[in-house]
1. Out of curiosity, is residue 233 under 19 Å from the mean Cα position of the chain (by Cα) and surrounded by fewer than 20 Cβ atoms within 10 Å (Cβ to Cβ)?
2. Applying the selection to the range 19-64, what residues are of a type in the set (Ser, Thr, Tyr) and under 28 Å from residue 98 (Cβ atoms)?
3. Yes or no: the range 208-221 includes at least one residue that is touching a residue at least 24 places away in the same chain (Cβ under 8 Å), surrounded by 12 or more Cβ atoms within 10 Å (Cβ to Cβ) and aliphatic (A, V, I, L, M).
4. Can you tell me which residues in the range 26-60 are surrounded by 13 or more Cβ atoms within 10 Å (Cβ to Cβ) and assigned to a loop (DSSP other than H, G, I, E, B)?
5. Just to be sure before I move on: is residue 98 in contact with a Pro (Cβ under 7 Å, 6 or more places away or on another chain) and free of Cβ contacts under 8 Å to residues at least 60 places away in the same chain in the structure I sent?
6. Output the number of the condition that residue 85 fails; it satisfies all remaining conditions of (1) in contact (Cβ under 8 Å) with a residue 24 or more places away in the chain; (2) under 15 Å from residue 227 (Cβ atoms); (3) among the hydroxyl-bearing types (Ser, Thr, Tyr).
7. Any idea which of 141, 195, 168, 130 is under 14 Å from residue 249 (Cα atoms) and of a type outside the set (Gly, Ala, Ser)?
8. Please state which one of 99, 19 is over 19 Å from residue 191 (Cα atoms) and in a loop (DSSP other than H, G, I, E, B).
Amino acid sequence: MDECVGRMQLRGALTLPVAYLNCNSLPPQDGKPALLTHDDVVTLFHEFGHGLHHMLTRIGYPSIAGINGVAWDAVELPSQFMENYAWLPEVLARIGAHAVSGEPIPEEKRRQLIATRSFHAGLQTLRQVEFALFDIRLHAEYDPARGANVYPLLAEVQGEVAVTRIPEWNRYPHSFAHIFAGGYAAGYYSYKWAEVLAADAFAAFRGPGAFDKATARRFLDSILARGGSRDALEAFIEFRGRKPEIGPLLELHGIAPPKAA
C-alpha cells in the first residue's frame with residue numbers, strides 16, 4: 001500500500017486522499033479464474049488496513065495526515081487489526097467459495113483453517129522476540145572499540161529466549177535486511193508491539209461483536225482519523241480506556257486461555 005494523494009485542507013481548499021494497493025497475486029490461467037490463497041487474503045486485509053488509515057484521516061496537514069507522521073510503534077496497528085477479520089468464520093463464509101460450483105467453504109474446513117493460526121505460535125513469538133532483542137541490543141550497545149560483536153551478542157540473546165539454537169555455521173544476520181537495509185534499524189520490536197496493540201484493539205469487539213458500529217466508530221475516531229496528529233499511546237488509551245495489555249495477543253494465538261467476553 002502507498003499513498004497516491006494525501007489529504008490536504010489548506011487555504012480553504014480540500015484535497016481528498018487516494019491510496020493504492022500493488023498486489024502480487026497469481027493471474028488467471030487457461031481460462032480459469034485467478035485464485036487467492038488464504039495468505040493472499042490476509043495480506044490483502046493487512047494492506048487494506050493501511051489504506052483505511054490513509055483514506056479515513058480527518059487531518060488537513062499532509063505531513064501528519066493518514067499514515068504520515070504516525071509513530072513507528074503504531075503505524076502497523078490498523079493493518080494488523082484488519083488481519084483479524086480474515087480469520088473470522090462469518091467473514092470466511094462470505095468471501096470464500098468453490099471457484100466452479102460456488103459452494104461456500106464447508107464449516108469443517110473453516111475450523112481447520114482457523115486452527116492453523118495458533119500452530120507453532122509460541123515458537124514464532126519467541127523467534128520475533130529474538131530478532132527484536134538482537135536488533136535493539138546491536139544498536140544500543142555498539143562500542144567502536146569492540147566492533148559490532150555480532151555473533152557473541154546473538155549467542156547471548158539466543159541463550160535467553162531461543163528454544164533451539166542455530167548451528168555455528170549459520171549466518172542469518174548477514175541476510176537480516178530489515179535492520180540493515182529495510183528501515184527497521186533499532187525498530188524491529190515494533191512488529192510484535194503492533195501485534196499487541198492490534199490484538200488488544202480487536203478484543204474491544206469481543207463483547208458487542210466484530211461488526212459493532214459503535215465500537216467501530218470509536219476506533220475510527222480515536223485511531224484511523226487521527227493520523228500522526230496525536231501521540232499514539234494517547235490515541236489507543238482513548239479507544240480502549242486503558243493502556244495496552246499483552247493478554248489479548250496471547251489469547252489470540254492460543255498461548256493463554258481465552259477470557260470470558
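The values are calculated or read from the model by the stated rules, or taken from the named source; none is laboratory data. Every value quoted in this text rests on a predicted model; they were computed, and no experiment measured them. Every residue, glycine among them, receives a Cβ derived from its backbone with ideal geometry; neighbour counts consider all protein chains shown.
1. It is true that residue 233 is under 19 Å from the mean Cα position of the chain (by Cα) and surrounded by fewer than 20 Cβ atoms within 10 Å (Cβ to Cβ).
2. Within the range 19-64, 25, 37, 43 meet the criteria.
3. yes
4. The answer is 36, 56, 57, 58, 59, 60.
5. Here the answer is no, as residue 98 does not meet what is asked.
6. (2)
7. Unique residue meeting the criteria: 195.
8. Only one candidate passes the filter, namely 99.
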